[in-house]
1. Over the chain, what is the relative contact order in whole percent, taking alpha-carbon pairs under 8 Å and six or more residues apart?
2. Calculated FRET efficiency, Asp73 and Asp19, Cβ-Cβ r, R0 30 Å, to nearest 0.05?
3. Which residue fluctuates the most in the chain, going by a Gaussian network model with Cα springs under 10 Å, if the choices are Gln12, Gln23, Gln84?
4. Any idea how far apart Tyr66 and Gln115 come out in nm if each label point goes 7 Å out from Cα toward Cβ?
5. GNM on the chain, C-alpha springs below 10 Å: top fluctuator among Ile79, Ile71, Ile148?
6. Just to confirm, what accessible area per residue do you get for the stretch 118-162 at 1.4 Å probe, in whole Å²?
7. Return the long-range amide H neighbours of Glu68 (sequence gap of 5 or more, or a different chain), with a cut-off of under 5 Å between placed amide H atoms.
8. Considering only protein heavy atoms and a 1.4 Å probe, what is the carbon-and-sulfur percentage of the accessible area of the chain?
Amino acid sequence: MMVWLSTDELKQLVDCPDDVQRQLALKLGGYCGLRSAEVVNVKPAHVRNTQIGKVLEVPAGKGDKYRETPIPDGLAGQIRTIGQYEGEDTTVVGTESTRTLRRWINTAANSLAEQTENNRWEYLSFHDLRRTWATLLASADVDPMVAIEWGGWNDLQTFLDH
């Protein structure tokens, strides 16, 4: 079952874990559209200022394709702070395992299902964060061709399907 979150639900989710690394992982999926395999490789050195604002470099996305995606200022600041203390080449979520990311999202989603008495949370997967991000871009009238570039999709049909 595919799940799309509203902006408020996404905020509920990313605020759920007490651990900063878990929150960062969920934010990278939901606010930047990263795949789980990309999240585990994010480093402070990947955050850059550009003429259009802050972007997050994804040096080796799916198929080893390079891309850049916008990153919210607050999230960029959190990641840069980690770089000041831990070094620019430190991975920010503290795990190399996508299985760990799945466990983190399941824990948060199950907690929210219990709190809200809404079992829809139990179906949430990490990839649903990427799907939510793409849908929020479309809702914000971001040009689909720009969204494709940011998300690393191969073509418009793939983007529209997801």
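The values are calculated or read from the model by the stated rules, or taken from the named source; none is laboratory data. Predicted model only: the values in this text are computed from it and were never measured. Here the Cβ positions follow ideal geometry from the backbone for every residue, glycine too, while neighbour counts run over all protein chains shown. Note: accessible area is taken over every heavy atom of the protein model, side chains too, but ligands, DNA and RNA are not part of it. Shrake-Rupley method; radii C 1.70, N 1.55, O 1.52, S 1.80 Å.
1. The normalised contact order for the chain reaches 30 percent.
2. Computed FRET efficiency for Asp73 and Asp19: 0.85.
3. Residue with maximal mean-square fluctuation among Gln12, Gln23, Gln84: Gln84.
4. Calculated label separation equals 4.0 nm.
5. Greatest mean-square fluctuation among the candidates belongs to Ile148.
6. Ligands and nucleic acids excluded, the result is 54 Å² per residue.
7. It is Val58, by chain and number.
8. Roughly 47 percent, rounded to a whole number.
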